[in-house]
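**Q** Here it is: the structure, laid out below.
The values are calculated or read from the model by the stated rules, or taken from the named source; none is laboratory data. All values reported here derive from a predicted model rather than from experimental measurement. So basically every Cβ, Gly included, is an ideal-geometry build from the backbone, and we count neighbours across all protein chains shown. Areas reflect the complete protein model, heavy atoms only, side chains present, ligands, DNA and RNA absent. Shrake-Rupley method; radii C 1.70, N 1.55, O 1.52, S 1.80 Å.
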Amino acid sequence: QVQLVESGGGLVQDGGSLRLSCAVSGRTFTNYAMGWFRQAPGKEREFVARITWITGILYYADSLKDRFTISRDNAKNTLYLQMNSLKPDDTAVYYCAAGRLITTDPLTYDYWGQGTQVTVSS
């Protein structure tokens with residue numbers, strides 16, 4: 001059974017940092033893109049960043065690339081998202097996902113975690 005399990009969310013003050021983790025189990029995603037997405041209340045799911053598991057090629061949403069960093073640990077089968085200089089607008093549920101296509105479209109991702117809540121207070 002494929003599982004993607006996010007952790008590391010929580011409440012942080014404006015300007016703070018968090019590191020999210022996504023533990024992957026049940027299969028390998030060697031040729032997949034691993035992505036982070038977020039969804040704020042009343043808004044559509046939004047692309048944050050992705051990494052191609054085998055090559056390590058990164059891609060970010062333009063508005064986030066200066067503050068967020070995606071990475072992965074192959075040995076631990078874990079995906080990370082380091083978030084710095086957090087703002088109240090970053091408040092959302094953050095999801096990790098795996099997809100066979102290298103895209104930013106959440107509809108093309110096949111596997112999803114349950115999400116972790118990030119709340120940034122002003």
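**Q** Just checking, how many residues over the stretch 73-83 are in contact with a Phe, Trp or Tyr (Cβ under 8 Å, 6 or more places away or on another chain) and either assigned to a loop (DSSP other than H, G, I, E, B) or at pLDDT below 95 (or both)?
**A** The total comes to 2.
**Q** Quick one: is Ala75 touching a Ser or Thr at 6+ places or on another chain (Cβ under 8 Å) and surrounded by fewer than 20 Cβ atoms within 10 Å (Cβ to Cβ)?
**A** no
**Q** Here's another thing I want to ask about it. Which one is most open to solvent (accessible area, probe 1.4 Å), of the residues in the stretch 47-63 that are outside any loop (DSSP other than H, G, I, E, B) and out of contact with any helix residue (DSSP H, G or I) (no Cβ under 8 Å at 6 or more places or on another chain)?
**A** Tyr59
**Q** Right, another one. Restricting to the stretch 84-122, give me the number of residues that are more than 26 Å from Gly26 (Cβ to Cβ), touching a helix residue (DSSP H, G or I) at 6+ places or on another chain (Cβ under 8 Å) and either of a type outside the set (Val, Ile, Thr) or assigned to a loop (DSSP other than H, G, I, E, B) (or both).
**A** Residues flagged as more than 26 Å from Gly26 (Cβ to Cβ), touching a helix residue (DSSP H, G or I) at 6+ places or on another chain (Cβ under 8 Å) and either of a type outside the set (Val, Ile, Thr) or assigned to a loop (DSSP other than H, G, I, E, B) (or both) within the stretch 84-122 amount to 2.
**Q** Please go through the stretch 17-37 and pick out each residue that is open to solvent by 20 Å² or more (accessible area, probe 1.4 Å), modelled with pLDDT of 95 or more and either hydroxyl-bearing (Ser, Thr, Tyr) or more than 17 Å from Lys76 (Cα to Cα) (or both).
**A** Correct list: Ser17, Leu18, Ser21.
**Q** Among the candidates Val2, Val24, Val12, which residue alone is among the hydrophobic types (A, V, I, L, M, F, W, C), more than 11 Å from the chain's Cα centre (by Cα) and more than 20 Å from Pro106 (Cβ to Cβ)?
**A** After applying the criteria, what remains is Val12.
**Q** Give the number of residues within the stretch 1-36 that are among the charged types (D, E, K, R), under 18 Å from Met83 (Cβ atoms) and in a loop (DSSP other than H, G, I, E, B).
**A** 1
**Q** Which number in (1) in contact with a Lys or Arg (Cβ under 6 Å, 6 or more places away or on another chain); (2) among the hydroxyl-bearing types (Ser, Thr, Tyr); (3) open to solvent by less than 20 Å² (accessible area, probe 1.4 Å) marks the one condition that Tyr109 misses?
**A** The number of the failed condition is (1).
**Q** Go through (1) touching a Leu at 6+ places or on another chain (Cβ under 9 Å); (2) closer than 18 Å to Gly42 by Cα; (3) open to solvent by 70 Å² or more (accessible area, probe 1.4 Å) one by one and return the number of the condition Tyr95 breaks.
**A** (3)
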